[in-house]
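Everything below concerns the one structure shown next.
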Amino acid sequence: MNNKTPNYIIKINVLNNAIETDIDDKNLSVVNIFSNKYTYDILKNDINELCCIYNDILNYEILGKSYDNRNIYLFTLGNKNAKHTLFIQASMHGREHMASILVMRHIELLCKNYYISEYKGLNISDILQNIKICIVPMSNPDGVDISINGAEVIREKTLFNNISKVIEENKIHHEIWKSNARCVDLNRNFGCKWEDSYNFNVKSFMEYRGEYPESEIESRLIANWTRENRPDICISYHATGSELYWDYGQKGLLLNKSMVIRDYLKDLTFYKLMDRSSAYKTGVLGYSDWVSMYLGIPAFTIEIGSPFVTAPLSMEEFNDIWEENKFIPIELCRYVVNKKN
Ligand SMILES: [Zn+2]
């Protein structure tokens, strides 16, 4: 007998009963949740459609281009002049593209409910007067397309040849590709203990740290944006594990703040809290570690999906993931606004 089912039912009941909100997620029609093949082209279409429907509250800009000439998009939802910012980025790892569907749906949910719904006694539009949500829905578009469709989607000859070589030598299926088009693992390319990750020194579909910190366009764009904008909170969506990484050795006020926010995330998702020792066991440090330790900003890595499976996730998991994560952006915004105004 599968003893997971009763727990799951209890969990969903707790989630639905505990939160006082009339946010309606029933008729979201733009972001498709029937296929897990969320390519860059689908993302582009959804961006155009959402920005067309919700043009008074949603804007996008192009932060830059990937090595194979795909755009790195950044959405801004809410008052663009608000002094507070929540930053969310997804799909830094190619095969974890379900996270792009999740954050695109977050955007659609909040746009659709912007003028009509409340969350914990506050109008969504009032919350988003004081804080803006900035979202990079696909940080590694080349990697996502390689994972979904194979090396053939890469148009630049040298990149294509190197990717094909890595796939062939490692005898892997393209769907488990994590790196960017230069075979660098973007989440190993930030300047936090980068020197210590010398085990990860060969071009690969995962774990290669690159030639130097922020050597890659994609990681540099995200790092520059974070440095310049200094969000109140940074969220990185990855897959898989149903885990929350929050503990990077931060101290004092930052530690206290991180623990408060960690508890909000835990209450919504019920994901497993990963302590510092479990993060260090992997021997590699990523964007959230860097944001917390070098910029002093509370940062969290949220691993969606079942433990013990490798991404890409099956779409069958999406409903659970959605229920666990759908209120995270608005909950964090409410927290920041309540606390500081
Ligand atoms: Zn990842």
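A cut-off of 5 Å between modelled amide H atoms, ignoring neighbours fewer than 5 places along the same chain, links Gln250 with no other residue. Each residue of segment 116-121 was assigned a 3J(HN,Hα) from its phi angle through the Karplus curve 6.51 cos²θ - 1.76 cosθ + 1.60 (θ = phi - 60°); the sequence is 10, 10, 10, 9, 6, x Hz, with glycine and proline shown as x.
Here's the picture: charge each Lys and Arg Cβ at +1 and each Asp and Glu Cβ at -1 in the chain, and of Phe34, Phe327, Trp225 the one pushed furthest to the positive end of that dipole is Trp225.
Put simply, the Cα atoms of segment 173-220 extend 30, 22, 13 Å along their principal axes, the longest span coming first. With a simple spin-label model that places each label point 7 Å from the Cα along the Cα-to-Cβ direction, the separation between Phe270 and Ile33 comes to 1.7 nm.
Per residue, the average separation of C-alpha pairs within less than 8 Å and at least 6 apart gives the chain a relative contact order of 19 percent. 3J(HN,Hα) couplings calculated from phi for segment 202-213 with the Karplus curve 6.51 cos²θ - 1.76 cosθ + 1.60 (θ = phi - 60°) are, in sequence order, 10, 3, 7, 6, 7, 6, 6, 7, x, 6, 7, x Hz; Gly and Pro show x.
Computed from backbone phi, the HN-Hα couplings of segment 296-304 come to x, 10, x, 9, 9, 9, 10, 9, 7 Hz, rounded to whole numbers (Karplus: 6.51 cos²θ - 1.76 cosθ + 1.60, θ = phi - 60°; Gly and Pro given as x). Spin-label model, Arg230 to Lys120: label points 7 Å out along the Cα-to-beta-carbon direction sit 2.5 nm apart.
Based on Cα contacts under 8 Å between residues 6+ apart, segment 97-205 shows a relative contact order of 21 percent.
Can you put Met98, Met206 in order, fewest other beta carbons within 10 Å first?
Sorted ascending by nearby Cβ count, the order is Met206, Met98.
Neighbour counts of other Cβ atoms within 10 Å put Ser288, Ser117, Ser314 in the fewest-to-most order Ser314, Ser117, Ser288.
For the chain, adding -39500 (n - 2.57) for each run of n ≥ 4 DSSP H residues and dividing by the number of residues yields -12500 deg cm²/dmol at 222 nm. Only Lys, Arg, Asp and Glu carry charge here, each on its Cβ (+1 for the first two, -1 for the last two); on that basis segment 43-340 has a dipole of about 800 debye about its Cα centre. Residues Arg230, Arg70, arranged from fewest to most other Cβ atoms within 10 angstrom of their Cβ, appear as Arg230, Arg70. Database remark: amide H of His238 closer than 5 angstrom to the amide H of Ile302, Glu303, Ile304 (H placed geometrically; neighbours at sequence offset of 5 or more, or on other chains; Pro and chain starts carry no H). For segment 75-120, applying the loop criterion from DSSP together with a ceiling of 15 other beta carbons within 10 Å to the chymotrypsin sites (Phe, Trp or Tyr not before Pro) yields Tyr115. Evaluated at q = 0.07, 0.11, 0.15 Å⁻¹, a Debye calculation over the C-alpha positions of the chain (equal weights, vacuum) places log10 I(q)/I(0) at -0.26, -0.68, -1.33.
Segment 208-301: which GluC sites (Glu not before Pro) are DSSP loop and have at most 13 other beta-carbon atoms within 10 angstrom?
Values: sites: Glu211, Glu214, Glu216, Glu218, Glu228, Glu243; in loops: Glu211, Glu214, Glu216.
Taking segment 208-301 and a limit of 13 other Cβ atoms within 10 Å, the loop GluC sites (Glu not before Pro) found are Glu211.
Using alpha carbon centroids, what distance separates segment 209-237 and segment 82-160, in Å? Between the Cα centres of segment 209-237 and segment 82-160 lies a distance of 15 Å. Computed log10 I(q)/I(0) for segment 136-201 at 0.20 Å⁻¹: -0.82, from the Debye equation with unit scatterers placed on every C-alpha and solvent omitted.
Sorted largest first, the spans of the alpha carbon positions of segment 210-279 along the three principal axes are 36, 29, 22 Å.
Every read-out reported here was derived from the displayed coordinates using simple, explicitly stated rules and does not represent laboratory data. If you're wondering where the values come from, they're calculated on a predicted model, not measured in any experiment. Neighbour counts run over all protein chains shown; Cβ positions are idealised from the backbone, glycine included.
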